[in-house]
Amino acid sequence: MKTSDAKQRLIGAMIDALQRRGLHGSGLTELLAAADAPKGVLYHHFPGGKTELAVAAIEVTIARLCDSMEASMAASGDPGAALMTWINGAQKRLDASHYERGCPLATIALETTADDVAIRAALARGFVAVRERIATGLVNAGYEAASAHASAALLLAAYEGGLLQARVAGTPEPMALVSAALLTYLKLQRPKEPDHE
C-alpha cells in the first residue's frame, strides 16, 4: 500500500464522513475502516489525528469547489451560467446520494465550537478563497469590482443555504428557488452595455 494512496483514502473517507454525519458523528475506527488504513498510517500523515485530517479534508474540498467554479466560468464566461452549472452539479450529487450527502463545509461549520481553532481557521480561509474566485469571475465578466465581493458572499451563502434546505427536505425545490432568485439577482446586477453612437 503506497502511503500517498493511503493519505488520499483517509482524506476521501473524511470528506464522505463530513458529508454524511459531520465531524462528531464520525468515529475514528469507522474512518480508518472506510479508508482501509491502520491507525499508524493516520498518525504518520496526520500527527494531529482526526482534527488535522478534517483540516486536510476541508482544504481538498475548497480546492475542488474553486476549481469547479473556475472551470464553469472559463467554459461560459457568464457568471449566471457558471453558477447554474455549479448549483446543478451539487444538486445532482445530493440527489444521487438520496439526500444523505450534503456539503462537508456547512456540516462541519455548523458543529464547530470556539475550541475548534484549526478547523474554524481552515473553514474561514476556504470560504474566503471561494468568495474570491466568484468575485474574480464577476469582475472578469464586467461586473463592478466594488460590489463583486458582496455579491460573491451572497451567492455563496445562498448556495450553501439552498443545499442545506434541500438536504433536510429531501427535495430539490429549495435549490431550484435559490437558483431562480440568484439568476434574477445577477441579471439586475449585470453591467449595462455601453451605448454605441
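The values are calculated or read from the model by the stated rules, or taken from the named source; none is laboratory data. Computed from a predicted structure; not experimentally measured. Counting neighbours? That spans all protein chains shown, and the Cβs are built from the backbone with ideal geometry, glycine included. All accessible areas refer to the heavy atoms of the entire protein, side chains included, with ligands and DNA or RNA removed. Shrake-Rupley method; radii C 1.70, N 1.55, O 1.52, S 1.80 Å.
Quick notes
- Computed [θ] at 222 nm, helices only, for the chain once each DSSP H run of length n ≥ 4 contributes -39500 (n - 2.57): -26000 deg cm²/dmol
- Percent of Cα pairs exceeding the 21 Å cut-off, where the set is segment 1-66: 13 percent
- For segment 149-195 and segment 37-80, distance of Cα centres in Å: 23 Å
- Pairwise FRET efficiency - residue 112 versus residue 88, Cβ, R0 = 30 Å, nearest 0.05: 0.55
- For the chain, modelled as a GNM whose springs connect Cα atoms under 10 angstrom apart, the maximal fluctuation among 17, 180, 122 occurs at 180.
- Each residue, residue 71 and residue 187, gets one label point 7 Å from its Cα in the Cβ direction; the gap between the two is 2.9 nm.
- Per residue, in Å², the accessible surface of segment 1-141 once ligands and nucleic acids are set aside, probe 1.4 Å: 48 Å²
- When the chain is treated as a Gaussian network with alpha carbon springs shorter than 10 Å, the biggest mean-square fluctuation among 36, 115, 78 belongs to 115.
- Pairs of lysines in the chain (C-alpha under 20 Å apart; 8 or more residues apart or interchain): 4
- Rg/Rh for segment 48-197 stands at 1.01; both radii use Cα atoms, and Rh follows the Kirkwood definition.
- Summarising the overall dimensions of segment 31-132 from its C-alpha atoms, the Rg and Dmax are 15.8, 48 angstrom.
- Per atom type, the chain shows carbon and sulfur on 56% of its accessible surface, probed at 1.4 Å.
- Inter-label distance, nm, simple model (7 Å from Cα along the C-beta direction), residue 145/residue 30: 4.7 nm
- Local net charge near residue 131, Cβ-Cβ under 14 Å (Lys/Arg +1, Asp/Glu -1): -1
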